[in-house]
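Peer 1: Pasting in a structure now, in structure tokens, and then I'll have a few things to ask.
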Amino acid sequence: MNLEALKLKPILRPDGKPLINPALIEHERERRRSVENRVADRITSCSGSMAFVYIHVVWFSLWIGLGVEAYPYGLLTMIVSLEAIFLSTFVMISQNRADAKRAVVADQQWTTVQDEEMENKELLRLSNQILELTKAVHEATALRALGAAPAADAAPKIES
């Protein structure tokens with residue numbers, strides 16, 4: 001399959017709305033590159049639906065109702081057991097996928113928190129500079145109002 005086609009398809013959440021988190025979009029694109037992941041996603045989306053339940057209700061009813069085999073339904077039991085084994089594997093795959101998504105989001109949030117902390121430190125530094133300049137202006141204004149000249153060393157020291 002063409003990898004460019006994977007990039008052009010919108011990536012949707014389970015409720016059908018498009019993903020907006022850039023980290024999750026990139027994670028999903030990486031995941032879609034693997035055929036196994038695409039197959040697992042299809043199977044889990046199908047097996048996790050009510051249509052899957054209805055199909056099984058009809059299948060079991062027909063199997064028993066039409067007398068495909070006699071009671072205790074050994075073949076049906078074996079088929080359903082194998083299906084359960086495979087579906088439980090796909091449930092685990094789905095849970096691993098959800099864990100990977102949570103890790104991607106957590107990493108992105110941590111990066112955002114770190115960036116915000118740096119911005120906050122810079123804003124705090126600038127606020128302190130503004131406070132020092134404001135104090136110097138008030139002092140100079142007060143001295144001028146009293147008729148005295150401001151002291152040469154009264155100028156604030158500004159850190160770069």
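Peer 1: Quick one: residue 71 ticks every box in (1) assigned to a loop (DSSP other than H, G, I, E, B); (2) at pLDDT 95 or above except a single one, so which number is it?
Peer 2: So the condition that residue 71 fails would be (2).
Peer 1: Now, a different point. Just need a number here: residues in region 54-78 that are within 33 Å of the chain's Cα centre (by Cα) and either farther than 30 Å from residue 31 by Cβ or touching a residue at least 12 places away in the same chain (Cβ under 8 Å) (or both).
Peer 2: Qualifying residue count, region 54-78: 0.
Peer 1: Next question, about the same structure. Name every residue in region 14-47 that is in contact with a helix residue (DSSP H, G or I) (Cβ under 9 Å, 6 or more places away or on another chain), surrounded by fewer than 16 Cβ atoms within 10 Å (Cβ to Cβ), closer than 30 Å to residue 85 by Cβ and at pLDDT below 80, in order of residue number.
Peer 2: Residue satisfying the conditions is 14 alone.
Peer 1: Against the condition modelled with pLDDT of 90 or more, surrounded by fewer than 13 Cβ atoms within 10 Å (Cβ to Cβ) and either under 36 Å from the mean Cα position of the chain (by Cα) or closer than 30 Å to residue 112 by Cβ (or both), how does residue 81 come out, does it pass? Spell out the reasoning first.
Peer 2: Numbers: modelled with pLDDT of 90 or more: yes; surrounded by fewer than 13 Cβ atoms within 10 Å (Cβ to Cβ): yes; either under 36 Å from the mean Cα position of the chain (by Cα) or closer than 30 Å to residue 112 by Cβ (or both): yes.
Yes, satisfied.
Peer 1: How about region 86-100: which of its residues are hydroxyl-bearing (Ser, Thr, Tyr) and at pLDDT 85 or above? Please lay out each step first, then the result.
Peer 2: So in region 86-100, the residues hydroxyl-bearing (Ser, Thr, Tyr) come out as 88-89, 94.
Correct list: 88, 89.
The values are calculated or read from the model by the stated rules, or taken from the named source; none is laboratory data. Note that the structure is a prediction, hence the values are computed from the model and not measured. Neighbour counts run over all protein chains shown; Cβ positions are idealised from the backbone, glycine included.
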